[in-house]
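All remarks here apply to the structure that follows.
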Amino acid sequence: MRRRSDTPSDLQSRALMVLVGILAAVLLWNLGAMAGTAWLSTIARPAPVGGPFALIDQYGLPVSSADLSGKPALLFFGRMRSESYRRISTVVENTVERLGPAAVQRINVIFITLDPAHDTPAAIKDYVANSSIKVIALTGAADQIAAVARAYDILLPMPQEQGSESDHIDDSPMLYLLDKRGRLVVRFSRQADSDTVARSLAALL
């Protein structure tokens with residue numbers, strides 16, 4: 001029995017089927033690659049540092065991160081009885097003074113205590129009253145402070161580690177530069193000086 005010769009229409013049909021198969025394979029490959037990329041980006045992308053907060057200031061008034069938006073901010077953490085607070089606050093004061101009086105009204109300087117048991121509104125009011133610059137000092141309930149500390153990658157002591165004067169507060173970098181929307185721009189190292197911080201802050205003004 002002799003095989004029937006392919007007609008032009010048969011050849012066109014086969015070519016069309018091959019082309020459809022190639023296009024389907026390419027489409028499936030691209031979808032798989034996109035899914036893989038999305039999965040990898042979800043795994044590899046670090047969580048953003050920072051976030052909204054609602055605390056009380058040195059006057060006992062509620063203050064939220066939304067209230068402080070609209071200006072770049074220097075945000076620093078600590079406890080007012082510690083040496084690290086005195087060192088960081090000196091860097092912050094020198095930074096603001098280097099920028100000059102005109103810049104003072106265009107920035108926020110925010111301090112958040114990590115020791116709310118001792119740094120009450122009355123206590124922090126006395127401390128910041130001695131500062132040469134305007135500081136918005138914030139405190140709050142222990143769970144509120146812990147939530148803010150976690151958001152900014154600051155380690156607080158475990159409850160069983162807490163004592164009185166020997167409490168350990170993480171001494172990792174705790175000075176942050178935020179943009180006008182409250183987003184992290186720079187997390188400064190412990191070695192950062194006022195010149196370095198002032199240059200970074202001036203770029204946002």
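Residues in the range 122-138 carry Karplus couplings, in order, of 5, 5, 6, 5, 5, 5, 6, 5, 8, 6, 7, 10, 7, 10, 8, 9, 10 Hz; the curve used is 6.51 cos²θ - 1.76 cosθ + 1.60 with θ = phi - 60°, and Gly or Pro positions show x. Amide H to amide H distances under 5 Å link GLY78 with ILE112, LEU114, where only residues 5 or more positions off or on other chains count and H is placed in the peptide plane. Using a Förster distance of 22 Å, how high is the FRET efficiency between ALA129 and ASN94, based on the Cβ-Cβ distance and rounded to 0.05? The formula returns an efficiency of 0.70 here. Gyration tensor over the Cα atoms of the range 54-202: the corresponding equivalent ellipsoid has semi-axes (square roots of 5 times the eigenvalues, largest first) of 23, 16, 15 Å.
On full extension, the segment bounded by ALA66 and LEU155 gains 29.6 nm, given 0.36 nm per residue less the C-alpha separation.
With the simple model of a label 7 Å out from the Cα in the direction of the Cβ, ALA142 to GLU83 spans 2.7 nm.
Bear in mind that the values in this text are calculations on the coordinates, not laboratory data. Bear in mind that the values here come from a model prediction, so they are computed numbers and not experimental data. Positions of Cβ are backbone-derived with ideal geometry, glycine not excepted, and every protein chain shown enters the neighbour counts.
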